[in-house]
Amino acid sequence: MSSLVANPIRYPDTASSPMMTRRAWWLLILGFLIPGSAQVLAGNRKLGRFGLGATLGMWAAAIIAVLLYSFLRTPFISVVTQGWFLLVVQAFLLAYGVLWLVLTLNTFRLLKIIKAAPGARFWIAIATVIFLVLSVGGAGGAAYYAGIARGALGSIFGNSAPVAPVDGRYNILLLGGDAGEDREGLRPDSISVVSIDANTGAATIIGLPRDLLHVPFSDGPFHDAYPDGYQNCDVSACKLNSVYTEAQLRHPDWYPDAEGKGSSPGIEATRDAAEGITGLTVQFYVLIDMAGFSQMIDALGGVEIDVKERLPIGGDEHLNNVDEWIEVGKQKLDGYHAEWYARSRHSTSDWDRMRRQHELQEAILHQFTPGNVLTKFQAIADAGSQVVKTDVPQSMLGYFSDLALKTREHEITNLELSPPTVPDQDNPNFEHIRELVIDAVAPPETTSSDGP
């Protein structure tokens, strides 16, 4: 029975146009759906078996990947986000694309299109081109995006070993930096500590006012230089956000190992200040360049915000020369308007601006879904490598990806260390601040975890 089916394919009656037309369509479609099958049926069986083996191997790998993602998501993401793995995937995809090209061209030769019905030849040729573009183009495109992912992940994330949580939590220093033309170096305009329960994903954002005075430091060079708090410093104003500038421009030698750890003296000094203020151990930092922040928002397709107060874009403290206004109401902001939503200051207080920045952070967290990441992958990867810097190890991406999904299930708690919570910003009671932090990040029901 099999010979009766196979023989007309391998040894067709070339004088019969209807048979040759049906044969051409069968071989073309089978060759596309199951690469290698056309060669096994009508051509070089050795080449066909090789193609079938590669196809079955690809299908098996895809099935295994789906199963691993479904049941072992954290270790799976940890592996597939590694540079070496993405390089291997890229090489295999390119090799498979070349194989698919060879098989498609060989299949076209086997069709004997000149023997098909005259009216069908054009459509068979067009279908061959379409299948060639879908197959070879798909493999090449996937390899290209694997290369983009490898480059973006390598440029953004650190390469250190995984770090365990402290007291069941991961604490991340989140800096929104702005190196304006009127500033000496970069000075963080937005400073927060994001504290995440390593087991449940419940998160608390602790807002640190940039103008906070007399801040203490955890053990380190700045604590040695300012044991009684940040005062009589080497910059014009001894505020929290000037710690970065002093360390980066005037005392980089105080943190000689910072660059080697994927950080900088300014970041390490600010981390010491955040630890001194909150009493938390800060394992990682994330620095977002606010000047390029709009690129990330645009890459995401905008961000939905409920604007509660009319905000000026541009202008001075007297609201002269305002370019335009961000009006009240729920709306989707593009990158330019989202950046001004976070930056605008003349019609409101610095405390209001801090609140808006945290609202924007939460909105991005909840709207940064796998769907819009996949559909805008290249734009997000390009923007991310330009505007984000962090020392979160690349080896922990799987763990933090899983933790981020848990975080989305909770309402994020905010603790703003600004008035009225901390009324005296010139002489803050840091012991009271640490008590507030403990209450915010460690409620009675909180559970701990050993981390990854």
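Starting from segment 74-171, pick out the trypsin sites (Lys or Arg not before Pro) whose DSSP state is loop and whose Cβ has at most 11 other Cβ atoms within 10 Å.
none
Calculated from the structure, Rg/Rh (Cα atoms, Kirkwood Rh) equals which of [x] 1.04; [y] 1.14; [z] 1.00?
Derived directly from the coordinates: [y].
Around I196, what is the net charge, scoring Lys/Arg as +1 and Asp/Glu as -1 over all other residues with Cβ under 14 Å from its Cβ?
-3
Please calculate how many Å² of accessible area segment 1-145 carries per residue, with a 1.4 Å probe and no DNA, RNA or ligand atoms counted.
Using a 1.4 Å probe on heavy atoms only, each residue of segment 1-145 averages 59 Å².
Put a dot 7 Å past each Cα toward the Cβ at T14 and L134; how far apart are the dots in nm?
The modelled label-to-label distance comes out at 3.0 nm.
At a Förster radius of 25 Å, what calculated FRET efficiency corresponds to the Cβ-Cβ distance of R408 and A65, to the nearest 0.05?
Once the sixth-power term is evaluated, E becomes 0.60.
Per DSSP H run of n ≥ 4, the term is -39500 (n - 2.57); total these for the chain, divide by its residue number, and report the mean residue ellipticity at 222 nm rounded to 500 deg cm²/dmol.
Result for the chain, helices only: -16500 deg cm²/dmol.
Counting only the backbone N, which residues of segment 50-89 are under 15 Å from the spot 7 Å out from the Cα of I34 toward its beta-carbon?
Answer for segment 50-89: 50-60.
Using DSSP to call loops (not H, G, I, E or B), can you name the GluC sites (Glu not before Pro) in segment 229-311 whose Cβ has at most 12 other Cβ atoms within 10 angstrom?
Those satisfying the criteria are E309.
Report the local net charge at Q425: Lys and Arg +1, Asp and Glu -1, summed over other residues whose C-beta lies under 15 Å from its C-beta.
Its environment carries a net charge of -3.
Can you list the equivalent-ellipsoid semi-axes of segment 218-315, largest first and in whole Å, using the square root of 5 times each Cα gyration tensor eigenvalue?
31, 17, 14
Cut-off under 19 Å on the C-alpha distance; same-chain residues fewer than 8 positions from K330 excluded. Which lysines are left, in chain and number order?
Partners within reach: K308.
Once fully extended, how much extra length lies between E304 and Y336, figured as 0.36 nm per residue of separation less the alpha-carbon to alpha-carbon distance?
So the extension gain works out to 10.2 nm.
Between helix 350-367 and the chain, what is the angle of the helix's C-alpha long axis to the longest principal axis, kept within 0 to 90° and rounded to the nearest 10?
20 degrees
Out of the trypsin sites (Lys or Arg not before Pro) in segment 218-324, which ones are loop residues according to DSSP with at most 16 other C-beta atoms within 10 Å?
K308, R310
The values are calculated or read from the model by the stated rules, or taken from the named source; none is laboratory data. Since we're looking at a predicted model, the values are computed, not measured. Here Cβ is always computed from backbone atoms with ideal geometry, including for glycine, and neighbour counts include all displayed protein chains. SASA here: full protein model, heavy atoms, side chains in, ligands and nucleic acids out. Shrake-Rupley method; radii C 1.70, N 1.55, O 1.52, S 1.80 Å.
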